[in-house]
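Only one structure is covered here, and it is reproduced in the block below.
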Amino acid sequence: MTLIKSISGIRGTIGGRPNDNLTPIDAVKFAAAYGTWLKDYSKSDNLKVVVGRDARLSGEMIQNLVVSTLVGLGIDIIDLGLSTTPTVEIAVPLENANGGIILTASHNPKQWNALKLLNEKGEFLDAAEGAIILELAEKEDFNFSDVDELGKITQNDAYIDIHIDEVLNLPLVDADTIKKAKFKVVVDGVNSTGGIAIPKLLESLGVEVIKLYCDPTGNFPHNPEPLKEHLGDICKLVVKEKADFGIVVDPDVDRLAFISNDGEMFGEEYTLVACADYVLGKTKGNTVSNLSSSRALRDITIKHHGTYEAAAVGEVNVVNKMKATNAIIGGEGNGGIIYPASHYGRDSLVGTALFLMLMAEKGGTVRELRDSYPSYYMSKKKIQLTPELDVDEILLAMEKKYSNEEVSTIDGVKVDFPENWVHLRKSNTEPIIRIYTEAKTQTEADNLADRIIDEIKEIAGI
């Protein structure tokens, strides 16, 4: 059982002992720290926070704890109930709220939950803000409101529909163009809120929808991370239904993966590549992804005469780099699309609409589209952390070992070889070291990852 406190929020497994797991006590303490920071940061006595959750089994319990804690601090709540991460993000500025909290552990299995924290723009907090909240939680120096000053709760379950309307109103999304294409699409909503939002969006665009695991019970039918090894059912159903493609999202709907018409993975790394290809073809500009993302985005950006830059892993880092470079689209290679014309947050609804526009205008099959892009293959492996492993020492040793290559240390260690690359970093969301590699063939990528893992084990003496 695990509790991970980081600048991006608090994430842990349900049950167990306080401070070792995400217990009710930890949820209250961290919510109180966020509310206390917000009161000081906003310099206002009339605060409003938007709260929404994915469908995981512990969601209602954690939401009740968090909402009641904020009410106890005198903060008003806009309760979206079952929602998505990007929906909460767009709701914060629309409600003129001071912040937002999404209760979701993203791709983690059902025993996990988390508090994701937003500022008044509906964007994730930066490192300095997150550090202050962690310190407040540690000190437990909270000052709750008197009975006459308690916050109020307003429920609003319309925001998924509002979110869809926002997507349909984007200048590069034309519903009539998509409707004329008469797409047939299978959707795997992993029995969470993507099963509500994605089919609604598709139906509003005239797409025939075949639903798979779209009942938001929180009983995930497979590992909720949208990777090939977890998606056998939808891959088979796309072929059986003769669908144009399949759509898979994670429980909070900020990661988006496609299944090609032949039942094969389009590749989560290529979600951003395809959406960027469409946007760059309409609007000249720059792109950003994180260090663990495919070189294919760089290649597509150069093809469209733009400039590509890499950011440290983490949505807030990508957003900051996008703002600094005036990027018109960016995101993360795990299927996270950030399109500033909508908002600065990973959004599977926006990504779905942009992909549909690309397919409607290009014609042909999704398989043909994938084959038209630069061909790279990734391996994503990990090493479980144990108390005796000194991650910083391991990364420093790897940096020295490959000092004659192109090395970046802005986030872990990334080594760029002429024909491939490897990125090593400690995860912010799990007690692991991530080892990402990319090469021109899957075998080469896997072999490089295995070689690096062996080298790490040798350094660590395990």
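The values are calculated or read from the model by the stated rules, or taken from the named source; none is laboratory data. These numbers come from a predicted model, not from an experiment. Positions of Cβ are generated from backbone atoms using ideal geometry, with glycine treated the same way; all protein chains shown enter the neighbour counts.
Residues that are surrounded by fewer than 22 Cβ atoms within 10 Å (Cβ to Cβ) and more than 26 Å from G345 (Cα to Cα) are absent from the range 267-281 altogether. Of the helices (runs of 4 or more DSSP H) lying entirely inside the range 338-452, none contains at least 3 residues that are on the phi > 0 side of the Ramachandran plot. The set of residues in the range 241-259 that are surrounded by fewer than 24 Cβ atoms within 10 Å (Cβ to Cβ) and more than 13 Å from K211 (Cα to Cα) comprises K242, D244.
Annotation: D157 fulfils all but one of (1) in contact with a Gly (Cβ under 6 Å, 6 or more places away or on another chain); (2) farther than 22 Å from S68 by Cβ; (3) not hydroxyl-bearing (S, T, Y); the unmet one is (2).
This table checks each residue for (1) assigned by TED's automatic domain parsing to the domain that holds G130; (2) touching a helix residue (DSSP H, G or I) at 6+ places or on another chain (Cβ under 8 Å); (3) hydrophobic (A, V, I, L, M, F, W, C); (4) closer than 25 Å to A128 by Cβ.
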position	(1), (2), (3), (4)
R11	yes, no, no, yes
R17	yes, no, no, no
L22	yes, yes, yes, yes
F30	yes, yes, yes, yes
W37	yes, yes, yes, yes
V49	yes, yes, yes, yes
G59	yes, no, no, no
Q63	yes, no, no, no
L80	yes, yes, yes, no
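Against the criterion of being at pLDDT below 95 and closer than 17 Å to D347 by Cα, P251 does not qualify.
Would you say T437 is of a type in the set (S, T, N, Q), crowded, with 22+ Cβ neighbours inside 10 Å and not assigned by TED's automatic domain parsing to the domain that holds E166? Considered against the rule, which asks whether it is of a type in the set (S, T, N, Q), crowded, with 22+ Cβ neighbours inside 10 Å and not assigned by TED's automatic domain parsing to the domain that holds E166, T437 comes out as yes.
Each row is one residue, and each column tells you yes or no for (1) modelled with pLDDT under 95; (2) closer than 28 Å to G81 by Cα; (3) among the small types (G, A, S).
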residue	(1), (2), (3)
G206	no, yes, yes
G246	no, yes, yes
L256	no, yes, no
S260	no, no, yes
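Scoring R298 on the criteria (1) touching a residue at least 40 places away in the same chain (Cβ under 8 Å); (2) assigned to a helix (DSSP H, G or I); (3) over 20 Å from the mean Cα position of the chain (by Cα); (4) within 30 Å of I456 (Cβ to Cβ) leaves a single failure, condition (1).
Scanning the range 282-294 for residues that are surrounded by fewer than 22 Cβ atoms within 10 Å (Cβ to Cβ) and out of contact with any Ser or Thr (no Cβ under 7 Å at 6 or more places or on another chain) yields K282, T283, K284, G285.
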